[in-house]
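Scroll down for the structure; my scribbles are underneath it.
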Amino acid sequence: KQEVTQIPAALSVPEGENLVLNCSFTDSAIYNLQWFRQDPGKGLTSLLLIQSSQREQTSGRLNASLDKSSGRSTLYIAASQPGDSATYLCAVITGYNSGGSNYKLTFGKGTLLTVNP
Amino acid sequence: NAGVTQTPKFRILKIGQSMTLQCTQDMNHNYMYWYRQDPGMGLKLIYYSVGAGITDKGEVPNGYNVSRSTTEDFPLRLELAAPSQTSVYFCASSYLTVNQPQHFGDGTRLSIL
């Protein structure tokens, strides 16, 4: 059974710091890994998607890496801002086949990030 | 584009009542999903659909039903509401294949009393 763990559960940093959020998964046979952001009372917003054949993806101040063999991913946020405060979740897809069945998407419980002005 | 729209935003039900959570998307996405999010438990997949007329169970389907008669709509039905179904429900969609990011609605907060 796929399990996704995110460390730390909560993180508080001063504005301007670079920071790293961690995600680990137990089954390395994944199709992709996604990082999401969730603001209080809102749905999830997709930040980055890394396919299993890729090593990293970048978008602005965000960089996500994937080491499938070791079951790890990191989300790097450069020069953090108060607007980055949110819960960050990672999720992996396993078991998918071309017919669309056996789809399994497993989320971690998230890291609550607070960036202080 | 409105994206993924969920209605209602909030609802309180009594045990044993039934209701339908509505979800519609205007992005012509093939894939649609229903999740529930419980405090401290992360999101869990209830049902998903890869296209009109095709649905499949996710991790926690018991107590729920879905249908997908059109590309745009993917309603979630609770037939006999139970306190264990108190949760926040999210609908999401993605385009064409599993290697596309999912777009989420803002959720329906459901309490069963």
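What single numbered condition from (1) within 12 Å of chain A (Cβ to nearest Cβ); (2) assigned to a loop (DSSP other than H, G, I, E, B); (3) crowded, with 19+ Cβ neighbours inside 10 Å fails to hold for B:Leu43?
(2)
Of the residues A:Arg37, A:Arg72, which single one is among the charged types (D, E, K, R), under 11 Å from the mean Cα position of the chain (by Cα) and more than 14 Å from chain B (Cβ to nearest Cβ)?
On the way: A:Arg37 fails: more than 14 Å from chain B (Cβ to nearest Cβ).
Residue meeting the stated conditions: A:Arg72.
For the condition of a type in the set (S, T, N, Q), within 14 Å of another protein chain (Cβ to nearest Cβ), in contact (Cβ under 8 Å) with a residue 60 or more places away in the chain and more than 30 Å from B:Ile54 (Cα to Cα), what is the one hit in A:Thr94, A:Thr106, A:Thr111?
On the way: A:Thr94 fails: more than 30 Å from B:Ile54 (Cα to Cα); A:Thr106 fails: more than 30 Å from B:Ile54 (Cα to Cα).
After ruling out the rest, the residue left standing is A:Thr111.
For the range A:8-23, which residues satisfy the criterion of being within 14 Å of chain B (Cβ to nearest Cβ) and not in a loop (DSSP other than H, G, I, E, B)? Break it down stepwise before answering.
Initially, the range A:8-23 is screened for residues within 14 Å of chain B (Cβ to nearest Cβ), giving A:9-10, A:23.
Result: A:Ala10, A:Cys23.
Of B:Arg77, B:Arg36, which residue is part of a strand (DSSP E or B), exposed (fewer than 15 other Cβ atoms within 10 Å of the Cβ), touching a residue at least 12 places away in the same chain (Cβ under 8 Å) and not hydrophobic (A, V, I, L, M, F, W, C)?
Values: B:Arg36 fails: exposed (fewer than 15 other Cβ atoms within 10 Å of the Cβ).
Checking each option against the conditions leaves just B:Arg77.
Restricting attention to the range A:41-52, does a residue exist that is of a type in the set (D, E, K, R) and free of Cβ contacts under 8 Å to residues at least 12 places away in the same chain?
yes
Results for (1) at pLDDT below 95; (2) within 13 Å of B:Leu21 (Cα to Cα), shown as yes or no for each residue.
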residue: B:Val50; (1), (2): yes, no
residue: B:Ser69; (1), (2): no, no
residue: B:Glu79; (1), (2): yes, yes
residue: B:Leu96; (1), (2): yes, no
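Among the basic types (Lys, Arg) and either within 12 Å of the chain's Cα centre (by Cα) or farther than 25 Å from A:Gly41 by Cβ (or both): is that true of B:Lys57 in this structure?
Details: among the basic types (Lys, Arg): yes; either within 12 Å of the chain's Cα centre (by Cα) or farther than 25 Å from A:Gly41 by Cβ (or both): yes.
When the stated conditions are applied, B:Lys57 passes them.
Just give me the residues in the range A:52-71 being farther than 16 Å from A:Leu21 by Cβ and surrounded by 14 or more Cβ atoms within 10 Å (Cβ to Cβ), in sequence order. Give the derivation first.
Quick first cut of the range A:52-71, residues farther than 16 Å from A:Leu21 by Cβ only: A:52-55, A:68-70.
Result: A:Ser52, A:Gln54, A:Lys68.
When you scan the range A:41-53, do you find a residue that is of a type outside the set (Asp, Glu), assigned to a strand (DSSP E or B), under 20 Å from A:Thr114 (Cβ atoms) and in contact with a helix residue (DSSP H, G or I) (Cβ under 9 Å, 6 or more places away or on another chain), even just one?
No, the range A:41-53 contains no residue that is of a type outside the set (Asp, Glu), assigned to a strand (DSSP E or B), under 20 Å from A:Thr114 (Cβ atoms) and in contact with a helix residue (DSSP H, G or I) (Cβ under 9 Å, 6 or more places away or on another chain).
So B:Tyr95 ticks every box in (1) buried (at least 16 other Cβ atoms within 10 Å of the Cβ); (2) within 14 Å of chain A (Cβ to nearest Cβ); (3) among the hydroxyl-bearing types (Ser, Thr, Tyr); (4) more than 12 Å from the chain's Cα centre (by Cα) but one. Which box is left unticked?
(1)
The values are calculated or read from the model by the stated rules, or taken from the named source; none is laboratory data. Keep in mind it's a predicted model, so treat the numbers as computed, not measured. A quick note on method: Cβ atoms are made from the backbone with ideal geometry, for glycine too, and the neighbour counts reach across all protein chains shown.
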